[in-house]
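One structure is given below, encoded as structure tokens.
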Amino acid sequence: MDIVLYTQRVEIVKSYGERRDCADQNIAAFLDACGFLPVPVPNNKELAGCMILQLKPAGIVFTGGNSLVKYGGDAPERDETEQRMLRMALERNIPVYGFCRGMQTILDFYGCKLVQVEGHVAVRHEVDGRIGHREVNSFHNQACIAVKDPVEVLGQTEDGVVEAIQIKGKKVMAAMWHPEREKEFQKDDMELIKKLFGKKA
């Protein structure tokens, strides 16, 4: 099985004085269902870089959780790790997919600003655009309203929130919904990952 690396959120446990890397078990299950061997990455930019070089992944997934530090988050090590991974992926033509915070990481890398939005936490809503018409889950209170080149919008909600993007000329795509939080993994999400990461039928 081809390896796909995925990032983890940082949980701060004050009673133990620990900063823990963790991820929903469904993320690994989703990537496995797509036909890949999921490997979690620690929030350490040097180790993350070594993993990319040594494991030569078929793709990289930036997952949800933790706001970016510039927007009130408290996990600078995660920001640094994902920025390093994205730069390395672009240099080596490794496909990248981001969801929720993962999409925000990509947007920020390309200079697209986030704003506070209402009505996008723990709801389902409609998304329309080049990706077609879909009903998706939503668990975010920060979002992008306007992008800049080379970011291309693939889907938006009725209130103008950008919900899916791709980077022009690069193997980089992202969406604001969580594919792992569906009761049943959605065929559209699975096919997107397989195609992006070069999984043969």
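Figures for the structure shown
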read-out: Net dipole in debye of the chain [+1 Lys, Arg Cβ; -1 Asp, Glu Cβ; about Cα centre; nearest 20]; value: 640 debye
read-out: Among 147, 13, 96, residue whose mean-square fluctuation peaks in a GNM of the chain (springs only between Cα atoms under 10 Å); value: 13
read-out: Under 5 Å, built H, 5+ apart or other chain: amide partners of residue 6; value: 39, 41, 61
read-out: The range 2-54: C-alpha pair distances exceeding 18 Å, %; value: 41 percent
read-out: Mean-position separation - Cα centroids, the range 1-72 and the range 119-153, in angstrom; value: 23 Å
read-out: Point-charge dipole on Cβ atoms (K/R +1, D/E -1) for the range 123-201, about Cα centre, debye to 20; value: 580 debye
read-out: In nm, spacing of pseudo-spin labels at residue 24 and residue 47 (7 Å Cα→C-beta vector); value: 2.4 nm
read-out: Number of Lys pairs (Cα under 29 Å; 8 or more positions apart or on different chains) in the range 1-132; value: 6
read-out: For the range 117-201, Kirkwood radius (reciprocal of mean inverse C-alpha pair distance, Å); value: 13.5 Å
read-out: Compactness index (Cα Rg / 2.2 N^0.38 Å), the chain; value: 0.96
read-out: Cα lying deepest toward the dipole's positive end in the chain, options 61, 3, 155, charges on Cβ; value: 3
read-out: Sites matching GluC sites (Glu not before Pro) across the range 130-201 that sit in DSSP coil, with at most 16 neighbouring C-beta atoms within 10 Å; value: 158, 182, 184
read-out: Sites residue 11 and residue 158 - FRET efficiency at Förster radius 45 Å, r taken between beta-carbons, to 0.05; value: 0.85
read-out: Amide H contacts under 5 Å for residue 68, placed H, 5+ residues apart; value: 73
read-out: HN-Hα J in Hz across the range 63-74 - Karplus 6.51, -1.76, 1.60, θ = phi - 60°, x for Gly and Pro; value: 9, x, x, 6, 6, 4, 4, 5, 10, x, x, 10
read-out: Debye intensity ratio I(q)/I(0), log10, the range 67-122, q values 0.13, 0.14, 0.22 Å⁻¹ (C-alpha model); value: -0.35, -0.41, -0.92
read-out: Lys/Arg +1, Asp/Glu -1 at C-beta; the chain dipole; positive extreme among 140, 196, 125; value: 196
read-out: Table column - 3J(HN,Hα) (Hz), the range 8-24, Karplus curve with 6.51, -1.76, 1.60, x for Gly and Pro; value: 10, 7, 9, 10, 9, 10, 5, 5, 10, x, 10, 10, 9, 8, 7, 7, 4
read-out: Residue-by-residue Karplus 3J(HN,Hα) for the range 168-177, coefficients 6.51, -1.76, 1.60, Hz, glycine and proline x; value: 4, x, 10, 8, 10, 9, 7, 8, 7, 8
read-out: Quotient of C-alpha Rg and 2.2 N^0.38 Å, computed over the range 28-124; value: 1.12
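FYI, it's all coordinate maths here, none of it is from the lab. Source: prediction; values computed, not measured. Methodologically, a virtual Cβ is constructed for each residue, glycine included, from the backbone with ideal geometry; neighbour enumeration extends over all protein chains shown.
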